[in-house]
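Working notes for the structure below.
The values are calculated or read from the model by the stated rules, or taken from the named source; none is laboratory data. These numbers come from a predicted model, not from an experiment. Cβ coordinates were reconstructed from backbone atoms using ideal geometry, including for glycine residues, and neighbour counts include every protein chain displayed. Heavy atoms of the whole protein, side chains included, go into the accessibility calculation; ligands, DNA and RNA do not. Shrake-Rupley method; radii C 1.70, N 1.55, O 1.52, S 1.80 Å.
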Amino acid sequence: MAKYYVNDDAQDDGFHEVHEEGCVWLPKIVSKTYLGDFITCQAAVAKSIKDHYAKSDGCKTCSPSCHNR
């Protein structure tokens, strides 16, 4: 299982990216919310959509299978 975080600041297209712990982009994010430990990025994105931001998507770098835009 991996720890996942969502960026509290939306991208230019309005989506909030979900990142796995260890992602090269995670240290650069000023404001992020811990989502929890998940087996898949799909579960982490679903949690973000349900509890935080309806427009959530996986990071292209650390969660490419969840990056759908």
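For residue 41, what charge total do you get from the other residues with a beta carbon under 13 Å from its beta carbon, if Lys and Arg give +1 and Asp and Glu give -1?
Here the count lands on -2.
Given a 1.4 Å probe and the protein chains all in place, what does the accessible area of residue 28 round to, in Å² to the nearest 10?
Counting only protein heavy atoms, the figure is 140 Å².
Can you compute the FRET efficiency between residue 12 and residue 51 using 1/(1 + (r/R0)^6), with r the Cβ-Cβ distance and R0 = 35 Å? Round to the nearest 0.05. Could the numbers behind the result be given before it?
On the way: r = 23 Å, r/R0 = 0.67.
Calculated value: 0.90.
Between [x] 5.8; [y] 5.1; [z] 3.9, which matches mean projected area of the Cα convex hull in nm² calculated for the structure shown?
Matching the structure shown: [z].
For the range 1-32 and the range 44-62, compute the distance between their C-alpha centroids and round to whole Å.
The range 1-32 and the range 44-62 have Cα centres spaced 9 Å from each other.
Rounded to the nearest 10 Å², what accessible area does residue 24 have for a 1.4 Å probe in the complete protein model?
Answer for residue 24: close to 90 Å² accessible.
How much mean residue ellipticity at 222 nm does the chain get from its helices, if each DSSP H run of length 4 or more adds -39500 (n - 2.57) and you divide by all residues, to the nearest 500 deg cm²/dmol? Working shown, then result.
Details: 1 runs with 11 residues, N = 69.
After summing the helix terms and dividing by residue count, I get -5000 deg cm²/dmol.
Just reorder 51, 8, 57 by solvent-accessible area, largest first, 1.4 Å probe, all chains present.
Values: 51 70, 8 35, 57 5 Å².
The most accessible residue leads, giving 51, 8, 57.
Relative contact order for the chain: what percent, with Cα pairs under 8 Å and sequence separation of 6 or more?
Working: 129 pairs, mean separation 23.7, N = 69.
Value for the chain: 34 percent.
Give me, ordered by chain and number, the residues 5 or more places off residue 59 or on other chains with an amide H under 5 Å from its own placed amide H.
18
Looking at the chain, send over the antiparallel percent of its DSSP beta bridges, to the nearest 5. Show your work: numbers first, answer last.
On the way: 9 of 12 bridges.
Close to 75 percent.
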